[in-house]
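Novice: Can you read through this structure? Questions will come right after.
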Amino acid sequence: MRLDKFLADAGIGSRSQLRGLIRGGRVAVNGTVCKSADAKVVETDRITLDGEVIAYEKFVTVMINKPEGYLSATADERGDKIVTELLDERLQRMDLKPAGRLDKDSTGLLVLTNDGALIHSVISPTRHVVKRYEVTLASPLPADASARFAEGITLEDGYRCLPGQLVYEPGTLRAVICIREGKFHQVKRMVAALGSTVLTLHRAKIGALSLDETLQPGEYRRLTDAEIALLLFSEQ
Ligand code: URA
């Protein structure tokens, strides 16, 4: 690949910024300054910028503890805050997209990646990845709520959900919900079908991947290879 593409993929800057850096003699390939943006390099070459090694990463995947008030999107024309704005500048240039969505007022585990295959394996409707949500409710649920979840809730538009799991202590206002689909506002609509309203919704798990509890709202970290494997290959 071209040297400027290598650096652009690594999130170092725009193509025009990179041409400036390269022409300025700040980039070296295997110890020799290289001033041509179109020089051919390979992933294993040792590329440095101002002496600092730029590691080649084919894909970058992070988990973020999504705070309330952010859209799970990469751009929004209405001027809403978007979750990718929480990433550092270098990651912002790496074109990460959410693998599945959380509503603007929802919080918790969101995976952002530039690996299309990983996004597909998380959101593919045929894979039925289980998502675990912790919710607070405006009013108690009916006594048969868990049984109705297990059978498959019918939403207001007539859609019959796949069987889900509701763990709920009768009379309380907290519940844990596990579902294998990701329809628009699905959890809120399932709870509405039971006659209550979701006040807060927090995603704790996607498949076998749990939110790192040390991440404060808005904080993120890269996934380990083992965690990526959990998303790609684990039995659901
Ligand atoms: N279901 C919802 O209703 N909202 C979310 O953000 C996620 C699942």
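Novice: Give me the accessible area per residue for the chain, probe 1.4 Å, as a whole number in Å².
Specialist: On a per-residue basis, the chain sits at 52 Å².
Novice: A further question on this structure: Rounded to a whole number, what % of the accessible area of the chain do carbon and sulfur atoms account for, probe 1.4 Å?
Specialist: That share works out to 51 percent.
Novice: Oh, and also: Using modelled amide H (1.01 Å from N, peptide plane; none on Pro or chain starts), what sits under 5 Å from the amide H of Thr107, excluding residues fewer than 5 places away?
Specialist: Amide H to amide H, under 5 Å and 5 or more residues apart or across chains, Thr107 pairs with Leu201, His202, Arg203.
Novice: What pairs in Lys81/Lys205; Lys97/Lys183; Lys66/Lys97; Lys5/Lys81 have C-alpha atoms more than 21 Å from each other?
Specialist: Lys81/Lys205; Lys5/Lys81
Novice: Same structure again: If contacts are Cα pairs under 8 angstrom and at least 6 residues apart, what is the relative contact order of the chain in percent?
Specialist: 19 percent
Novice: Post the alpha-carbon centroid distance, the stretch 36-106 to the stretch 191-236, in whole angstrom.
Specialist: 19 Å
The values are calculated or read from the model by the stated rules, or taken from the named source; none is laboratory data. Quantities reported herein were computed from a predicted structural model and do not represent experimental measurements. With ligands, DNA and RNA removed, areas are computed over all heavy atoms of the protein, side chains included. Shrake-Rupley method; radii C 1.70, N 1.55, O 1.52, S 1.80 Å.
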